[in-house]
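Here's the structure, in structure tokens; my notes come after.
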């Protein structure tokens, strides 16, 4: 299993209940979890919370980020505007694992209207349990070369 990590979690109003459940589950597993909001079900703008999540992952305050909105699409788009954030929108565990293994994703996004609680937990478990392939000694470095281009297209 994974080591305990510093994880930030954020959502919009549509994913408030799922966020609370996942936050509590991660804490039960021993992770340090920062809930970046929102705190109520009042309507909010998902980019505000996506930008906040991307910022704490980019500056190293959190090692990983978990983002939720109704579909997962909008919040993932806002996170990916930060060049240091690599957010993968997933709906099943294989994609979550591959996002870590091949793309060194540091944020995971899911849609609360599309992904149930058990599937969300399975996706997060795969995300946290998978290492980036190029962090393993003897790797070819082919993935890192591609990831570097995500933040700097001129490479």
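Here, each number is a calculation from the coordinates, and none is a lab measurement. The structure displayed is predicted, hence computed values, not measured ones. Cβ atoms come from the backbone with ideal geometry, glycine included; neighbour counts cover every protein chain shown.
Observations, loosely collected:
- Going from the residue with the fewest nearby Cβ atoms within 10 Å to the one with the most, 51, 46 rank 51, 46.
- Modelled spin labels at residue 39 and residue 24, positioned 7 Å past Cα toward Cβ, are 1.8 nm from each other.
- Each eigenvalue of the Cα gyration tensor of segment 109-155, multiplied by 5 and square-rooted, gives one semi-axis; in descending order these are 29, 17, 5 Å.
- Neighbour-count order for 45, 134, 12, 148, fewest beta carbons within 10 angstrom listed first: 148, 45, 134, 12
- The chain: angle of helix 93-103 to the longest principal axis, Cα-based, in degrees nearest 10: 40
- Simple spin-label estimate for residue 4 and residue 81 in nanometres, 7 Å along Cα-Cβ: 3.5
- Exposure proxy for 79, 155, 73, 9: other Cβ atoms within 10 Å of each Cβ, ordered fewest to most, give 155, 73, 9, 79.
- Potential extension, residue 17-residue 150 segment - 0.36 nm per residue separation minus Cα distance: 44.6 nm
- Radius of gyration and maximum dimension Dmax of segment 6-151, Cα, Å: 14.3, 50
- Helix 142-151 and the longest principal axis of the Cα set of the chain meet at an angle near 50°.
- Compared with the dominant Cα axis of the chain, that is its longest principal axis, helix 117-129 is turned about 30°.
- Compared with the alpha-carbon gap, the fully stretched path from residue 117 to residue 140 is longer by 4.6 nm at 0.36 nm per residue.
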